[in-house]
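Comments concern the structure below.
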């Protein structure tokens, strides 16, 4: 399994809050040109929680049409309340023709956490209802971890289970996952902070919101590591981590979209209930980009 990086793609909206299909196509071209795989419609960077079912389907269709075959195109969606909700989304994803889809962690809401037995029943029910290649998410936001042993059992039983996205601050969870299903399932960590740690443990790479702004920089971490150029990998990794802290410290995807807009790149606005960041925040981030030489890396200059 080859190392790789995936962007959790933004979903551009116009000034009236409508899905901006032209901007989405242009944005996806930037990602594909940088060699970055794409997850579409995610609940964080993709603002998937604001999308209607029709919009969620259309985002996937556009992704497949625009960059299918150039880089992996995957569906992400949002955390479901029931297995049936997840199955319905996978049906939409399969119909759109994506390469794979993420099975998000079950989230009953209202502070409830499912028992290990309930998590297992949920995952088995979902996997038995589809033949689409799937990646299971184990995400800290829902307050529990999917047990590595269970993932190993599911991998034995379902050949269309192809990966796992591990998004936990606890490195021990990543170690256990790599030791249990490494080499059998493709493993990516959520966000860049554990990117090099993941590669050192035998995982395949990381998921990135930062790639929406700097896809070539994010891809350089993987490419340099693959070549064995650790100096270049460390340098790029340091820049990605600093950029991540800056963006998330100032609103996350709100800041990312505002900076893309300032730079004249496709990004669009955020959709309510989220609000855009101030000009002062954008000024600070653009100043950081210039000081770090990121415009040159991304081809924004010259």
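The values are calculated or read from the model by the stated rules, or taken from the named source; none is laboratory data. Not measured: the values here are computed from a predicted model. A quick note on method: Cβ atoms are made from the backbone with ideal geometry, for glycine too, and the neighbour counts reach across all protein chains shown.
Quick one: residue 46 ticks every box in (1) surrounded by fewer than 24 Cβ atoms within 10 Å (Cβ to Cβ); (2) touching a strand residue (DSSP E or B) at 6+ places or on another chain (Cβ under 7 Å); (3) within 24 Å of residue 190 (Cβ to Cβ) bar one, so which box is it? Result: residue 46 passes all but (1).
For (1) at pLDDT below 95; (2) more than 22 Å from residue 72 (Cα to Cα); (3) not in a helix (DSSP H, G or I), each residue gets a yes or a no:
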| residue | (1), (2), (3) |
| --- | --- |
| 94 | no, no, no |
| 101 | no, no, yes |
| 107 | yes, yes, yes |
| 114 | yes, yes, yes |
| 127 | no, no, no |
| 135 | no, no, yes |
| 141 | yes, yes, no |
| 149 | no, yes, no |
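Inside region 1-80, counting only strands (runs of 3 or more DSSP E) that do not spill past its ends, which hold 2 or more residues that are modelled with pLDDT of 95 or more and under 14 Å from residue 208 (Cβ atoms)? Full working, then the answer.
Numbers: elements: 4-8, 37-40, 73-75.
Per the criteria, 4-8, 37-40.
If you take the residues of region 151-163 that are touching a helix residue (DSSP H, G or I) at 6+ places or on another chain (Cβ under 6 Å) and not in a helix (DSSP H, G or I), which of them is farthest from residue 91 (Cα to Cα)? The selected residue is 158.
Scanning region 100-118 for residues that are surrounded by fewer than 19 Cβ atoms within 10 Å (Cβ to Cβ) and at negative phi turns up 108, 112, 113, 114, 115, 116, 117, 118. At pLDDT below 95, in a helix (DSSP H, G or I) and either buried (at least 16 other Cβ atoms within 10 Å of the Cβ) or more than 14 Å from the chain's Cα centre (by Cα) (or both): does that describe residue 173? The answer is yes for residue 173.
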